[in-house]
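Here's the structure, in structure tokens; my notes come after.
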Ligand code: DON
């Protein structure tokens, strides 16, 4: 069977999303993110046999925000295995990514690792096992994306830290239930640094290429997770990667995916490719409007089927 013309498909998304770029709005609850120019779009795709394709504003660099939560979970699973699930659940939340209410009702155990509370408790777990948690995360991205120049956008990280009250409230609530081991502000510093990792679409697709490749990163030549763990992680992305819009994304796109408020989404076709898309205009839930539209188009053209 001939391989699809991925480059032509990515090029076609650029034209298709153009009318959508003015829709929605950039995230403004983090002041430094509100400064990003809205009408930008980039997409990159990495196949399991190592081919790389990209289109749009491919040089543009952006912070990954909640897409970092997938790497946080990966590093934590490497260190804790199944015991991690004593501290964080596997169920969709059906609530906003920064909701506090469920956490109170559910005794400080976040629903899943992709909402803020879940990622923060996973960071806390990592913090207990890593001597240099910020450096280790940055290195993971650098090695897996094959670019040692990937940095943390300090302005964004500091802006998030200054406006940390909601995330700090979640961490303190978890501490009150005995589900938080380290100093809240120190863990939050690491969490915000992870969210503020800055790279381009191709680097992002490369860094997460192990998700489509049975846990193996072909750029770093590392087996990051077992094939079984990778399947499990993709299942969780399918059910919870887009927060309270996970069902809509599954219906329209049919790929496991993870979004972030910078307007980026990473999506996976297991066994075939990983794709990263970025466009800052967000819908009401906090997901990229053009990003979802581009992935929906790719999914239709490639007849992606999760089952
Ligand atoms: O902690 C926050 O609120 C942000 N650093 C990340 C949130 C995010 O990306 C959720 N995405 N949809």
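By the compact-protein rule of thumb, 2.2 N^0.38 Å, the alpha-carbon radius of gyration of the range 265-307 corresponds to a ratio of 1.20. Put in line by how crowded their Cβ is, counting other Cβ atoms within 10 Å and starting with the fewest, 165, 107, 214 read 165, 107, 214.
With the helix formula -39500 (n - 2.57) applied to DSSP H stretches of n ≥ 4, the chain reaches a computed 222 nm mean residue ellipticity of -13000 deg cm²/dmol.
Label reach from residue 128 (point 7 Å along Cα→C-beta): in the range 175-209, amide nitrogens under 19 Å belong to 175-191.
Placing a pseudo-label 7 Å from each Cα along the Cα-to-Cβ vector at residue 232 and residue 16 gives an inter-label distance of 3.5 nm.
Roughly how many Å is it from the Cα centre of the range 156-191 to that of the range 1-51, as a whole number? First find each Cα centre; the distance between them is then 31 Å. Placing one identical point scatterer on every Cα of the chain and ignoring solvent, what is log10 I(q)/I(0) from the Debye formula at q = 0.07, 0.08 Å⁻¹? Evaluating at q = 0.07, 0.08 Å⁻¹ gives log10 I(q)/I(0) of -0.23, -0.30.
When you count the other C-beta atoms within 10 angstrom of each residue and take the mean per peptide, 218-231, 170-183 line up highest first as 170-183, 218-231. Among 284, 258, the order by Cβ neighbours within 10 angstrom, fewest to most, reads 284, 258. Remark: spin-label model distance residue 61-residue 139 equals 2.1 nm, labels positioned 7 Å along the Cα→Cβ axis.
Throughout, read-outs are computed from the coordinates displayed, never taken from laboratory work. Because the structure is predicted, anything quoted here is derived from the model rather than measured. Positions of Cβ are backbone-derived with ideal geometry, glycine not excepted, and every protein chain shown enters the neighbour counts.
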